[in-house]
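Okay, so here's the structure we're looking at.
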Amino acid sequence: MKETPLSNCERRFLLRAVEERKRLDGRQSYDYRNVRISFGADYGCCIVELGRTRVLGQVSCELVSPKLNRATEGILFFNLELSPMAAPAFEPGRQPELLVKLNRLLERCLRNSKCIDTESLCVVAGVKVWQIRVDLHLLNHDGNIIDAASIAAIVALCHFRRPDVSVQGEEVTLYTPEERDPVPLSIHHMPICVSFAFFQQGTYLLVDPSEREERVMDGLLVIAMNKHREICTIQSSGGIMLLKDQVLRCSKITGVKVAEITELIQKALENDRKVRKEGGKFGFAESIPNQKISAFKMERAPVDTNDVEEQAEEIIMKADPPSDFVAKPILRMPGTAQIGEGLENSWGDFEESEREEEEEGNSDDATTSGGQKMETEEINIVSKTKKDDDTIILSDSEEEEVVILEPEETHKKTRTHTTAKQENSSKKAFNKKRKKKRATH
C-alpha cells in the first residue's frame, strides 16, 4: 500500500507553521519529545516510546565460530524491521530504501563506534565466541525512527545478560541462570542518535521531527554522540548544503540532548535492577498505568464497616427532604397508564379491535355449545320475518355480501346456521380491513 501523499494545503500549512516557529504538537524548535522506557520480564527486552513512535528491542545470543580475520572477537548483528503494523506504507517481505539506510546507520553508530567490548565475547580463541543479535521492531511510526531505534538498541544491550560459561581444556560448559547468575555485557559508552530537520535550504531547523514534518523537510542531519561529547557518526541526507556554523550548533544541541537521555536510561536501568533484586513485580504488564482502561489490575481501597448504621442515619438527616409534588397516574385505557403530561395514547383503538375479536371467538363457541338458545333465537328471527315480510340486511358495511332471509318454515334451522356463520365471517373481515387501514395511516 502506497503512502498517502500530503495535499498542497497541508504542505503550505506545515511550512507556514515552521516559518512562525510553531509545531503541530506544541513544541518549540529545539524541544525533544518525551522518552519512556519499559522493560520486559526477560533480560534484554524493552520498549522505547519517543512520543508516539514505539520500538521494541530484543537481544539474544548464541555460541558460534568466529570470523577468520577476527578470531578473538565476538560478533554483533543488528536487524531493524518495519512492519505494516507501524504504518500502512511498509509492505511485508520487501526492504525499502529507508530500511537499508537505517540498518547501515545503526551499525555505524553501535558497532563501528566500539561501544561494546567484542573481545570479552570470546570464549575459546578461534573456536567459540558469542554472537549478540539485536532485533528491533517498529511498532508505531510517528517520525524519527532512527533516534528511537538507537535508544532501544543501547537500552536492550545494557539490560541484557548472557549465560555464564567455563572452559576446561577443550570442553565448554554453559550454565543456566539457576546454576550461575547471568553475566552483563561490557559496554564502554552509550552512543545515541539525534536528528535535525532542515527547511527551505537550511533556513529553519527543527529537532526530533515528526512524521508530517519529515514529509515536507528539505534535508536531514543525524549526529550520534555519547555523554562525553564524542561524535560517533554523522550523516547528512537530502542534498542540502550546510554551513560550518549550522553543524556546530547542531553538535552543541546534540550534546545537551544526549546527556539528558543517558541520565534517563541509567535511572530506568537502576530502577529495574532494584525491583528485580527486591523480588517485586516487573514486566510490560506492570508498566501500564492503572488509570487506563487497559489496566490488568486495580488497587484495593479499604472500606471501614464500623458504625455503618450511625453514618447512614447522619447521611439521611443531612439529605434534603423529598419534594411534595407527586405526579398522579392518568388511566387512559384499561391496562395502560400515564404519569405527568404527555401525548395521548392511541393504543386504546387497537385494544377495542382485539376485544371485539375475543368476543367473536366467544360467540362462536357459544353457538356450537348452546343448541337450545340458538333454536329459540332462530324462532324469533323467523317470526320477525313473517311480520315484516321485508328483506333483512345483516351487515352495516357496503363492501360485504348481503344475506336475504325468506319467510319459509320448512328450512328454519339450516338457514339460521348459515346466516350466523356468515355474520361472524363478515365481522372478522371487517375488523381485519380496519386494522390494515390504521397501519397504513
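Read the figures in this text as sums done on the coordinates, not as results from a lab. A quick note: this is a predicted structure, and the numbers were derived from the prediction, not measured. In this analysis, Cβ positions are derived from the backbone assuming ideal geometry, glycine residues included, and neighbour counts consider all displayed protein chains.
Tabulated data
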| item | result |
| --- | --- |
| Rotationally averaged projected area of the range 1-85 (alpha carbon convex hull; nm²) | 10.6 |
| Cβ crowding within 10 Å averaged over residues, with 255-265, 87-97 ranked highest first | 255-265, 87-97 |
| Normalised contact order of the range 148-232, rounded percent, pairs of Cα under 8 Å and 6 or more residues apart | 24 |
| The range 251-280 versus the range 41-93: alpha-carbon centroid distance in Å | 20 |
| Sequence-distant residues sharing a close amide H with PHE78 (under 5 Å, placed H) | VAL134 |
| Residues with amide H under 5 Å from that of LEU139, placed H, sequence gap 5 or more | ARG54, VAL55, LEU56 |
| Translational D in µm²/s for the range 58-124 (Stokes-Einstein at 37 °C, 0.692 mPa s, Kirkwood Rh from C-alpha pairs) | 232 |
| Cut-off under 5 Å, modelled amide H: who pairs with TYR204 long-range | PHE199 |
| Cα-Cα separations in the range 68-182 greater than 19 Å, expressed as whole percent | 56 |
| Net charge contributed by nearby residues that have their C-beta within less than 12 Å of GLU270 (K/R +1, D/E -1) | +3 |
